[in-house]
1. Ordering Val128, Val347 by accessible area with a probe of 1.4 Å, largest first, what comes out?
2. Report the rotationally averaged projected area of segment 38-81 based on its alpha-carbon convex hull, in square nanometres.
3. Figure the gain on full extension for Ser148 and Val164 (residue separation times 0.36 nm, minus the Cα-Cα span) and round it to one decimal in nm.
4. Let me make sure I get this right: for segment 85-183, a, b and c are the square roots of the gyration tensor eigenvalues over alpha carbons, sorted descending. Under 1.5 in a/c it's rounded, otherwise prolate if a/b > b/c, else oblate. Which is it?
5. On full extension of the chain, what length is gained from Gln261 through Ser32, given 0.36 nm per residue of separation minus the C-alpha to C-alpha distance?
6. So, R0 is 25 Å and r is the distance between the beta-carbons of Ala56 and Leu352; what FRET efficiency does that work out to, to 0.05?
7. When the Debye formula is applied to the Cα atoms of segment 189-258, each taken as the same point scatterer, what base-10 log of I(q)/I(0) results at q = 0.14, 0.19, 0.25, 0.27 Å⁻¹?
8. Run through segment 86-176 and list the GluC sites (Glu not before Pro) located in a DSSP loop whose Cβ has at most 13 other Cβ atoms within 10 Å.
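The values are calculated or read from the model by the stated rules, or taken from the named source; none is laboratory data. For clarity, every value in this text was computed on a predicted model and none was experimentally measured. All Cβ positions, glycine included, derive from the backbone under ideal geometry; neighbour counts span all protein chains shown. All accessible areas refer to the heavy atoms of the entire protein, side chains included, with ligands and DNA or RNA removed. Shrake-Rupley method; radii C 1.70, N 1.55, O 1.52, S 1.80 Å.
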Amino acid sequence: MTHVVEDSGKYYTWRSYGPEDQRTKELWVDMSNLRHGQVRVHGILSNTHKQAARVALSFDFPFYGHFLRQITIATGGFIFTGDITHRMLTATQYIAPLMANFDPSFSKESTVQYLDNGEVFVIQWERVRLQGKESEGAFTFQAALYKSGTITFSYKDIPLSLDVISSAEHPVKAGLSDAFTVSSPSTQSPDNTQRQTIYEYHRVEINTTKITNYSAIEFTALPTCLQHDSCDLCLSSNQTSGCSWCNVLQRCSDGMDRHRQEWFDYACSEESKNATCEDYSRDDTSSITPETEGVTSLIPRQKGCESVDETKHHVFKTGSDVKTDPSIKNEGLPNTAVIAGIAAALVLLLALILVALYINCHPHAASPLYLIQRRKSYWPSLKFQKQQTGYTEVEGEGHHEKDSIVEAGPC
């Protein structure tokens, strides 16, 4: 009943446990035990169908090497880990103990609850039923996210064999997935609007037929290139392989992570082909001379596949370097009109930043859905079935009508 899988030996190893394994009992978190922390019942998710709500974590959770401080819980038995909540949450960037068409609104006994004690975040789908198969019984299972990066799926009540559940209205799967997005101008848009395509670069798929009553799965996170914060560690560590150091970004990566767009924009793959840490160190040292000390260097953002432009230096003299001379008449000094113009530009820039922050925090308000297409490339892109009804995001917890449940505060 116990299976160990080395999933490409890159991101996670995982092990499944059966009903007879002691580890199965150890991994189940008893939500009624107050020692684990305060349990919160999400009022809206416990009374709706195909809804998702964002919840903040009290700790940084490492997922594929990226630290998450916010996740999105969905009624359909999974957690969405992407930055922007959109209708097609089921495609990728998920942690799914059992993704299926669950409808917590069907029964007063069905709830979506969670707890966070600073060391582990646990989500439990309690006595939820499948839409269209409500008479088959209620499912109870949970996912636990540990501060160390370990992820566990635990199953208590699985009344129906998962291989007979239809995926026509909702995907049925279990496992992990992550992706990166790439922006490109839309050829169909007259104003050259940017189009974002999402590429799934890795997935862990669990055979759903192995999921039964009192079973569990434990994922152990493996070291990734992103954890190295120096060139020497990046290129010499025996814990990781295929890592490259991008000196412009001061980042270690293999190019296959959520920062793929930035890695591409700054031509990091080209930069790291023949360069060594000694080269970077020598370049950094030689660039600091008495004449250039205190110089502000500006590195322009590279576009497309072109190489990064050479560093441009702008020297600014400090007040101590400028000598006053009565014969010199304020030549070159900014006048009142120039100062007013600069101030107006700064105010406009601040306003644009505030608008961008608002859109980022309320992506659903403008419906900035990803335009996702299938492409024949190294990274598989996602194409969604139009007949699948998308998820909608809810804010706050609101009020609910289920008996014996007390609200425990906002998400």
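1. On the way: Val128 0, Val347 100 Å².
Largest to smallest exposure gives the sequence Val347, Val128.
2. 3.5 nm²
3. Values: separation 16, 0.36 × 16 = 5.76 nm, distance 3.54 nm.
That pair, Ser148 and Val164, stretches by 2.2 nm at full extension.
4. Details: a/c = 1.90, a/b = 1.22, b/c = 1.56.
Oblate shape, in that a/c is at least 1.5 and b/c is the bigger or equal ratio.
5. Taking Gln261 through Ser32 to full extension adds about 78.0 nm, to one decimal.
6. Given R0 = 25 Å and the Cβ-Cβ separation, E is 0.40.
7. Calculated log10 I(q)/I(0) at the listed q: -0.69, -0.86, -1.10, -1.18.
8. Of the GluC sites (Glu not before Pro), the ones in loops of segment 86-176 whose Cβ has at most 13 other Cβ atoms within 10 Å are Glu119.
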